[in-house]
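Colleague: One structure, pasted below without further comment.
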Amino acid sequence: MLVPHTDIVEGPQPMEVSQVEPANTNENQQVDEPQSMKFTWTIENFSRLNTKKHYSDIFVVGGYKWRILIFPKGNNVDHLSMYLDVADSSALPYGWSRYAQFSLAVVNQVHHKYSIRKDTQHQFNARESDWGFTPFMPLSDLYDPSKGYIVNDTVVVEAEVVVRKILDYWSYDSKKETGFVGLKNQGATCYMNSLLQTLYHIPYFRKAVYHMPTTENDMPIGSIPLALQSLFYKLQYNDTSVATKELTKSFGWDTYDSFMQHDVQELNRVLCEKLEDKMKGTVVEGTIQKLFEGHHMNYIECINVDYKSTRKESFYDLQLDVKGCRDVYASFDKYVEVERLEGDNKYHAEEHGL
């Protein structure tokens, strides 16, 4: 979760050692080129910090002053909270703003590959002069010496900051700059737009949608295949952002639905089911299954008797646990971990009973 934090600025404490590594020292660098820097903050006597908030030394990137803000005991959460802060925000003129892409990290000093790093971007202004992560990492992990994040009561924090020129969004030409255009938000349809953009960027899927048969009597607002074809065509060839109203009307949605936050997984399933049904008997029949269907094996083995049971099942998506998992690989490990069936949950094996 990305959360702005806008408390009154406090000065840095004198117990840290900071290192700044300029990533680009070319003095002739053009003004509109991104300017980046890596900043390392070594915080000693970490467990003895007695302030709610703690600031790093100031470092300069792209001609601007920055610093890292941490809450050693969490910002009303049981996690370390960490933000990138505009160091001189109180002294800047009215209406100032600056845009930065950045990552914040807590270095694992024992096994560097287990360092925790999170990336984001933000346009900083007077109301949001710092930005970052309220639940950056669990305090239980941070303060556990066996985890490697705190060694000799020292914590090492890194920030990599890229400052870019502020875009004038009214004159910004997405097609010219990137070759792509976006989708307009109808109210609360960002979840749908992200799904549609993802599907559009699967070439085989896009080609299959184009090959779905329609008739000259079809209207986009009454035909999901035609509405999706029209949407993909406009994404491919329009010079400006594309509206999604025809597609949502083909779903049977009214204006109220567009302002309701729906579940993206459910939308994906419903959309794929409808497309799968419309593709039957056509040259693109089976496309959804070919692209998105996977299989897993449900495997049961008894402990005290010689009995095994296997069942192959198909899926279009998997529901993975997020809580307590540091990345998607840990989520997959949890998904396939062995579960012991005992007590009221014992397995009934044929000819052997429970």
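Colleague: For region 318-354, which residues satisfy the criterion of being among the charged types (D, E, K, R) and at pLDDT below 90?
Modeller: Residues satisfying the conditions are Glu342, Asp344, Lys346, Glu350, Glu351.
Colleague: While we're here: Any chance region 57-77 includes a residue that's in a loop (DSSP other than H, G, I, E, B), within 19 Å of Tyr149 (Cβ to Cβ), open to solvent by less than 30 Å² (accessible area, probe 1.4 Å) and out of contact with any Phe, Trp or Tyr (no Cβ under 8 Å at 6 or more places or on another chain)?
Modeller: yes
Colleague: Could you list, ordered by first residue, the pairs with Cβ atoms under 7 Å in which the first is in region 299-316 and part of a loop (DSSP other than H, G, I, E, B) and the second is acidic (Asp, Glu), at least 6 apart or interchain?
Modeller: Tyr316/Glu293
Colleague: Quick check, is Val270 farther than 30 Å from Asp78 by Cα, in a helix (DSSP H, G or I) and either more than 25 Å from the chain's Cα centre (by Cα) or not acidic (Asp, Glu) (or both)?
Modeller: For Val270, the condition - farther than 30 Å from Asp78 by Cα, in a helix (DSSP H, G or I) and either more than 25 Å from the chain's Cα centre (by Cα) or not acidic (Asp, Glu) (or both) - is met.
Colleague: Also: What pairs come up if the first residue lies in region 318-329 and is part of a loop (DSSP other than H, G, I, E, B), the second is open to solvent by less than 60 Å² (accessible area, probe 1.4 Å), and their beta carbons are under 7 Å apart, counting only those six or more places apart or on different chains?
Modeller: Correct list of pairs: Leu320/Ser331; Asp321/Ser331; Val322/Ser331; Cys325/Ser331.
Colleague: Go through Glu293, Glu350 for me and flag whichever is in contact (Cβ under 8 Å) with a residue 24 or more places away in the chain and among the acidic types (Asp, Glu).
Modeller: When all the criteria are applied, what remains is Glu350.
Colleague: So which residues in region 273-290 are assigned to a loop (DSSP other than H, G, I, E, B) and touching a residue at least 12 places away in the same chain (Cβ under 8 Å)?
Modeller: Within region 273-290, Thr282, Val283, Val284 meet the criteria.
Colleague: Counting just the residues of region 87-109 that are modelled with pLDDT under 95 and of a type outside the set (Gly, Ala, Ser), which one comes out nearest to Pro138 (Cα to Cα)?
Modeller: Residue satisfying both the conditions and the ranking: Gln101.
Colleague: Working only within region 123-138, note down all residues that are hydrophobic (A, V, I, L, M, F, W, C) and open to solvent by less than 30 Å² (accessible area, probe 1.4 Å).
Modeller: Within region 123-138, Phe124, Phe133, Phe136, Met137 meet the criteria.
Colleague: Any chance you could count how many residues in region 207-262 are among the charged types (D, E, K, R) and part of a helix (DSSP H, G or I)?
Modeller: Selection size over region 207-262: 6.
Colleague: Suppose we keep only residues that are under 18 Å from the mean Cα position of the chain (by Cα) and more than 20 Å from Val328 (Cβ to Cβ) within region 105-122. Which one would you say is surrounded by the fewest Cβ atoms within 10 Å (Cβ to Cβ)?
Modeller: The selected residue is Gln121.
Colleague: Quick test for you: out of Asp130, Asp153, Asp119, Asp173, pick the one residue that is in contact with an Asp or Glu (Cβ under 9 Å, 6 or more places away or on another chain) and at pLDDT below 90.
Modeller: Of the residues listed, the single one that is in contact with an Asp or Glu (Cβ under 9 Å, 6 or more places away or on another chain) and at pLDDT below 90 is Asp173.
Colleague: A further question follows. Looking only at residues that are in contact with a strand residue (DSSP E or B) (Cβ under 8 Å, 6 or more places away or on another chain) and among the β-branched types (Val, Ile, Thr) in region 276-306, which one is most open to solvent (accessible area, probe 1.4 Å)?
Modeller: Val305
The values are calculated or read from the model by the stated rules, or taken from the named source; none is laboratory data. None of these values were measured; they are calculated from a predicted model. Neighbour counts run over all protein chains shown; Cβ positions are idealised from the backbone, glycine included. Ligands, DNA and RNA are stripped out before the accessible areas are found, and what is left, the full protein with its side chains, is counted by its heavy atoms. Shrake-Rupley method; radii C 1.70, N 1.55, O 1.52, S 1.80 Å.
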